[in-house]
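Have a look at the structure below before the remarks.
The values are calculated or read from the model by the stated rules, or taken from the named source; none is laboratory data. From a predicted model like this one, the values you see are computed outputs, not experimental measurements. When we count neighbours, we look across all protein chains shown, and the Cβ atoms used for this are built from the backbone with ideal geometry, even at glycine.
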Amino acid sequence: MSKAKVSEVISECLNIVEQHICAKWIRLQKTLGEEDECKQSFFNSAGVPGVVGCIDGSHVRIKSPGQQQQHLYYNRKGYYSINVMVICDHNMVINYVDARHPGAHHDAFVWDQSDAHDHFKNNFIRGKRNTWLLGDSGYKLQPYMMTPYRNPSNATERNYNKKHSKTRNVVERCFSVLKNRFRCIIGSRGLHYSPAKATQIINTCCALHNICIFYKNHLLPSDAMFQNENEDLGSFSSGDETAAITIRDEIALNLLN
C-alpha cells in the first residue's frame with residue numbers, strides 16, 4: 001500500500017474508534033458499586049479514605065506543529081508535545097483522558113479546563129462531600145482534589161504525604177504500562193502527526209489499554225519508565241480553599257491514629 005493510502009486508512013480507523021469505542025471504554029461516571037470498590041481498594045493500599053481516582057499529566061512528543069503554534073507546544077523540557085491528563089482507578093483503568101492541550105500548558109490548567117473538573121465540582125456542590133481525586137503538588141488543593149502538603153512541618157503532615165504518594169503512584173504506573181504497551185507514544189519516539197491526529201491516537205491507545213485490562217492482557221510497568229516525570233512543585237500557587245484545607249487536615253489526623 002502507498003503511504004497516502006496507509007494514512008487514509010489510519011485516519012478512517014481513528015475516527016471509528018473515537019466515535020464507537022472510546023466513549024464505551026473510557027468512562028468517568030461510576031456506579032455506586034464501582035465507586036465503593038474503588039474507594040475500598042485505595043483505602044486498603046495506604047489507608048487514605050474516599051479516593052475514587054488518581055490524576056496526573058504526561059507529555060507525549062509530537063513533531064513541530066508549524067511556526068504559528070510552536071510556542072504553544074514547546075514544553076518546559078525542551079521539545080514539542082501534548083500534555084495528556086489521565087484519571088485512573090485502582091486497577092490502572094483509565095476513567096478519563098484529555099489529550100487536547102499543548103505541552104506548554106501546565107497540568108493545573110488542563111485540569112481546570114476539563115469536563116472532569118466540572119464533574120467533580122458539580123458533585124461537591126450537590127452535596128457529595130466524601131469523594132476526591134489524588135493529585136500531585138502541581139494541582140490546586142480543592143475539596144474534591146487532595147494534594148500533598150508542600151512544606152510538611154510535623155509528623156502528621158509527613159505521614160499524610162507518604163501515604164498520599166503510596167496511593168497515588170498507581171497513575172504513574174498506569175502511564176508506564178500505557179506507554180510500554182503502545183510504543184508510538186513513548187517519550188523517545190513521539191508521534192509524527194499533527195496535534196489533532198496525535199490526540200486521536202492517544203485517545204485510541206487509552207481505550208485499547210482499558211480493553212487489554214478488561215480481557216486480562218497484563219503488562220507490567222518497566223522500571224525505566226516508572227517515574228513521576230511531570231511534577232512541578234513551584235509553578236502554580238495552590239490557593240487553598242478553607243473547605244479543602246479542613247478536609248485534608250482531617251484525613252491527615254485520622255491517618256496518624
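Candidates are the residues of segment 1-45 that are touching a Leu at 6+ places or on another chain (Cβ under 9 Å) and buried (at least 17 other Cβ atoms within 10 Å of the Cβ); the one that is modelled with the lowest pLDDT is V17. The single condition among (1) touching a His at 6+ places or on another chain (Cβ under 6 Å); (2) polar (S, T, N, Q); (3) part of a helix (DSSP H, G or I) that S7 does not satisfy is (1). Among all residues of segment 111-128, there is at least one that is surrounded by 23 or more Cβ atoms within 10 Å (Cβ to Cβ), in contact (Cβ under 8 Å) with a residue 12 or more places away in the chain and farther than 18 Å from L32 by Cα. Close Cβ contacts (under 9 Å, 6 or more residues apart or on different chains) running from residues in segment 60-87 that are loosely packed, with under 13 Cβ neighbours inside 10 Å to residues that are part of a strand (DSSP E or B) and among the hydroxyl-bearing types (S, T, Y) comprise S64/Y74; S64/Y80.
Selection of segment 29-55 for residues being among the aromatic types (F, W, Y) and within 15 Å of N254 (Cα to Cα) yields only F43. F175 satisfies every condition listed in (1) more than 11 Å from the chain's Cα centre (by Cα); (2) closer than 20 Å to T199 by Cα; (3) surrounded by 17 or more Cβ atoms within 10 Å (Cβ to Cβ) except (1). In the set H101, H164, H117, only one residue is under 17 Å from the mean Cα position of the chain (by Cα), at pLDDT 95 or above and not in a helix (DSSP H, G or I); that residue is H101.
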